[in-house]
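> I have a structure I would like to understand better, so I am pasting it below and will then ask my questions one at a time.
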Amino acid sequence: MTEPQPPETLRPETVVVSAGRPEAAPDAPVNVPVVLSSTFHAGGPVGYARTSNPSWEAFEEALGLLEGGRCLAFASGMGAVSAVLDLVPTGGVVVVSSHSYSGTAARLRDLEAAGRVVVRLVQIDDPDAVAAACEGASVLWIETPTNPALEVCDLAAATAAARAHGALTVCDNTFATPLLQRPLALGADVVVHSATKALAGHSDVLMGAVVTADQDLLARLLRVRTLVGAIPGPLDAYLALRGVRTLALRLRQAQASAYELATRLQSHPAVRNVRYPGLPDDPGHLVAAKQMSGFGTIVSFETTGTAEETDAMCDRTSVVIHATSLGGVETSWERRRRWIEERPDIPETLIRLSVGIEDVDDLWTDLAQALDALTP
Ligand SMILES: *Cc1c(COP(=O)(O)O)cnc(C)c1O
């Protein structure tokens, strides 16, 4: 008989399916159930459900194995982002991409306005600029590829620069997921996720997560989560893990379609500046090819129309959904600047397209007829 394989030797495509399951025993369930209990019998390490819950732990085991650290689940991506920002000492400098998720950017602006932190914006795809900005910093906050500009940061170079200056590196790995990019292995100290997106993958749950291999950081983050209370519901954690089960399959399909659609978009007369790290002529392609095992499912581009015409275009599709968020099985698009929190230097007509798992020709037919109406 062969020995069972230890989980750390299994490939990620297997881990997404096999991790976070109950011990095998006759008639034991194969899934950790939704545990609805706010308190637990005395004598154990948990005691009260603001500290932990078996349904979260199953999700945490899976994401921790995938990222190569220990995971804590949060109520949302922003709950996870906020818990990590809580670790910045008062007056500490946070170096952050001049384009990053609008919620993270807005939270940092508020913290800076309150005198809590100092924010230093940097062009995250310029390694020399990143290295220079890390001088005197407490935290380097990386998103790669960035949301929604799709710039690519050289993770190994950036984390080395941060470490040389004694700064912690945090990487928001929402766009890539651990199946395409493992920031801890490339030198990051902490990974954050909006599990709402590709991890859960079905646009039916909000959840977030933090992963680190540093025991001290983990203990501090657990304390923040427990005392601030940004905890997920047990059903949300169950749904997120159920989504993770098909992550490898969904990414494979969506990423192939994203490349195909990015290529077709490049030759449409109503489209300019297509950004997708998988395109050979994309400015981020070489770095992405070095540090990612796939280029992801998000494409951005600008249109030749006005903001109003572009909003109207987004309403003209029937398969592609006009909605915010990303990483779902359904393809969706939106003009990012329709949100007041989006950065003013993101172009007015920039569209973020999140590619799902539908048939790629159906997607292109739908997108092309909406774009055609823009062409003068
Ligand atoms: C959506 C998103 C977040 C915030 O996550 P929520 O689950 O919506 O709170 C953070 N970072 C990135 C890159 C995102 O796309």
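> Express in % the proportion of alpha carbon pairs of segment 218-316 at distances exceeding 16 Å.
Looking at segment 218-316, the distances longer than 16 Å represent 71 percent of pairs.
> Taking the inverse of the average 1/r across all pairs of different Cα atoms in segment 1-134, what Kirkwood radius in Å do you get?
Mean inverse Cα-Cα distance, inverted, gives 18.6 Å.
> While we're on this one: Under the rule of at least 5 residues apart or a separate chain, name every residue whose amide H is placed under 5 Å from the amide H of SER76.
GLY208
> While we're here: Largest first, what is the accessible-area ranking of TYR101, TYR276, TYR48 with a 1.4 Å probe?
Ranked from most to least accessible, the order is TYR48, TYR101, TYR276.
> How do 32-40, 139-147, 224-232 rank on mean C-beta neighbours within 10 Å, highest first?
Sorting 32-40, 139-147, 224-232 by mean packing, highest first, produces 139-147, 224-232, 32-40.
> Select from VAL96, LEU66, ALA113 the residue farthest towards the positive end of the dipole of the chain; place +1 on Cβ of Lys and Arg, -1 on Cβ of Asp and Glu, and compute about the Cα centre.
ALA113
> Still on this model: Using a Förster radius of 30 Å, what is the FRET efficiency between SER267 and ALA132 based on their Cβ-Cβ separation? Nearest 0.05, please.
0.20
> If you stretched the chain out fully between SER318 and SER18, how much longer would it get, using 0.36 nm times the residue separation minus the C-alpha to C-alpha distance?
104.4 nm
> For the chain, I need the span (max minus min coordinate) of the C-alpha atoms along each principal axis, in Å, sorted largest to smallest.
72, 52, 39
> Still on this model: Could you pull the accessible area for HIS99 with a 1.4 Å probe, rounded to 10 Å²?
We get 20 Å² for HIS99.
> Just going by the charge dipole of the chain, with Lys and Arg at +1 and Asp and Glu at -1 on Cβ, which of ALA80, THR246, VAL329 is farthest out on the positive end?
ALA80
> For segment 247-372, evaluate the Debye formula with one uniform point scatterer on each Cα (no solvent term) and list log10 I(q)/I(0) at q = 0.12 Å⁻¹, rounded to two decimals.
-0.41
> Per the 1.4 Å probe, what fraction of the accessible area of segment 247-372, in percent, lies on carbon and sulfur atoms?
Of all accessible area on segment 247-372, carbon and sulfur atoms account for 54 percent.
> Separate question: Apply the Karplus parameterisation 6.51 cos²θ - 1.76 cosθ + 1.60, with θ equal to phi minus 60°, to every residue of segment 39-45 and state each ³J(HN,Hα) to the nearest whole Hz, in sequence, with x for glycine and proline.
Couplings: 9, 10, 3, 4, x, x, x Hz.
> While we're here: Hey, how many Å between the Cα centroid of segment 271-323 and the Cα centroid of segment 335-367?
Using only Cα atoms, the two centres lie 6 Å from each other.
> Semi-axes, largest first, in whole Å: what does sqrt of 5 times each Cα gyration tensor eigenvalue give for segment 144-222?
22, 17, 9
> Based solely on its DSSP helices, what 222 nm [θ] is calculated for the chain when runs of n ≥ 4 H residues each add -39,500 (n - 2.57) and the sum is averaged over all residues, nearest 500 deg cm²/dmol?
Roughly -10500 deg cm²/dmol at 222 nm, from the helical runs in the chain.
> So, one more: With a 1.4 Å probe and all protein chains in place, put GLU57, GLU342 in order of accessible area, largest first.
Largest to smallest exposure gives the sequence GLU57, GLU342.
> Can I ask one more? Name the residue farthest towards the positive end of the dipole of the chain from the options THR349, THR196, ALA167, assuming +1 on Cβ of Lys and Arg, -1 on Cβ of Asp and Glu, about the Cα centre.
Farthest along the dipole direction, towards plus: ALA167.
> Taking R0 as 45 Å, what FRET efficiency do you get between LEU10 and ALA114 from their Cβ-Cβ distance, rounded to the nearest 0.05?
0.50
> For segment 167-207 and segment 16-48, write down the distance between their C-alpha centroids in whole Å.
What the calculation gives is 24 Å, centre to centre.
> Something else: Can you list residues from other chains, or at least 5 along the same chain, whose modelled amide H is less than 5 Å from the amide H of LEU168?
Correct list: VAL139, LEU140.
> When ligands, DNA and RNA are left out and all protein chains stay put, how many square angstrom of accessible area per residue does segment 247-372 have with a 1.4 Å probe?
That works out to 42 Å² for each residue.
> Quick one: putting +1 on the C-beta of Lys and Arg, -1 on the C-beta of Asp and Glu, what dipole do you get for the chain around its Cα centre, in Debye to the nearest 20?
Dipole of the chain, to the nearest 20 debye: 780 debye.
> Please report, in whole Å, how far the alpha carbons of segment 24-91 spread along each principal axis, starting with the longest.
55, 30, 19
The values are calculated or read from the model by the stated rules, or taken from the named source; none is laboratory data. Keep in mind that this is a model prediction, so the values were computed, not measured. We place every Cβ from the backbone using ideal geometry, glycine too, and count neighbours over all the protein chains shown. Keep in mind that these areas ignore ligands, DNA and RNA; they rest on the heavy atoms of the full protein, side chains included. Shrake-Rupley method; radii C 1.70, N 1.55, O 1.52, S 1.80 Å.
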